[in-house]
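Structure first, commentary second.
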Amino acid sequence: MSCLSETVKKMLDVTFCLCFWSLFGVFGVETDVSVSVMEGDSVTLKNDDTQILRDDLIMWTFGSKQILIAEINRDDNKIKLFEDVSDDGRFRGRIQLDHQTGSLIITNIRTTDSGQYKLFTISKRTPLKIFTLTVYARLPVPVIIRDSSLYSSSSKCVLVCSVVNVTQVTLSWYKGNSLLSSISVSDLNRSLSLEVEYQENNTYSCVINNPIRNQTKHLNITEVCQTCSVGFACGCGFTEAVIRLIVSGLVGVAAVAVLVYEVRSKSVGQKTREQTSTLK
């Protein structure tokens, strides 16, 4: 009976702690750490305070509502994971507790895992550690195309770099190592595009980045202009235009040579027939 009473008392203590923390916030927090990771990675929210491990009960909560997601109970030396704390079971199969340190491990991280993670013990009424986790979506590879609206009306080669369904990123054009232009977005699921005028004999790259990673697409002007016709209207540049003009010239010369050959052959044949007729 005494064991049962002790268990009930401990449960009441935990409930009281969580309610108290929700009411009084995070005053007295020892550590507030910002952590940034990419979607799909794993992250460890480290506890390096050995004093915490001496407490009977260590708890981790998630979000503004401080939902209990994991705990270590020193009485029975067991770890409990509350993986289905939300309707979508967001942490199912993806959270672990390090028994030695009490650190929280989240695998296959998702953007919906962003938020605050707080570490409590049964003996204190304020969180001992707070981790603010930001999960960035994976970066797409930028796509580079020509501006088709300028094909027939301009000799300029305008290239457009674009990405779709992005958030918290910056899209930039570089010529060599020099930044030409950039545009940023913080909203969810936005599309970005950025133009640059191509100049011959320069290297260009389009870069998308967030605070922790970037993705680069280097310009291959031959691929972008592979369907161009002769001239600058398509924006292929001087070298390719000259090559196309030379090829066209050679084809023209060959055509003229064939025509001259045919004319001469007909002329020689006519003279031969006339001479034959005279001799008769």
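Here are the numbers for the structure shown:
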| quantity | calculated |
| --- | --- |
| Any hit, region 9-23, residues being of a type outside the set (D, E, K, R), surrounded by fewer than 16 Cβ atoms within 10 Å (Cβ to Cβ), assigned by TED's automatic domain parsing to the domain that holds Thr101 and modelled with pLDDT of 85 or more | no |
| Residues of region 134-193 satisfying the condition of being in contact (Cβ under 8 Å) with a residue 40 or more places away in the chain and on the phi > 0 side of the Ramachandran plot | Gln168 |
| Matching residues, region 127-152, being under 29 Å from Gln51 (Cα atoms) and either surrounded by 16 or more Cβ atoms within 10 Å (Cβ to Cβ) or touching a Lys or Arg at 6+ places or on another chain (Cβ under 9 Å) (or both) | Pro127, Leu128, Lys129, Ile130, Phe131, Leu133, Thr134 |
| Test: residue in region 119-137 that is aromatic (Phe, Trp, Tyr), more than 30 Å from Asn214 (Cα to Cα), outside any loop (DSSP other than H, G, I, E, B) and touching a Pro at 6+ places or on another chain (Cβ under 7 Å) | yes |
| Number of positions in region 96-126 that are of a type outside the set (Phe, Trp, Tyr), touching a strand residue (DSSP E or B) at 6+ places or on another chain (Cβ under 6 Å) and either touching a residue at least 60 places away in the same chain (Cβ under 8 Å) or buried (at least 20 other Cβ atoms within 10 Å of the Cβ) (or both) | 12 |
| Test: Val164 is surrounded by fewer than 12 Cβ atoms within 10 Å (Cβ to Cβ), among the β-branched types (Val, Ile, Thr), in contact with a strand residue (DSSP E or B) (Cβ under 8 Å, 6 or more places away or on another chain) and not in a loop (DSSP other than H, G, I, E, B) | yes |
| Lone unmet requirement of (1) modelled with pLDDT of 95 or more; (2) closer than 30 Å to Glu223 by Cβ; (3) out of contact with any Pro (no Cβ under 6 Å at 6 or more places or on another chain) for Cys161 | (3) |
| Set Thr112, Thr170: member being in the same structural domain as Glu71 (by TED's automatic domain parsing) and either over 30 Å from Leu68 (Cβ atoms) or not in a strand (DSSP E or B) (or both) | Thr112 |
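The values are calculated or read from the model by the stated rules, or taken from the named source; none is laboratory data. As the structure is a prediction and not an experimental result, all values here were calculated from the model. Please note: Cβ atoms are built from the backbone with ideal geometry, for glycine as well, and neighbour counts cover all protein chains shown.
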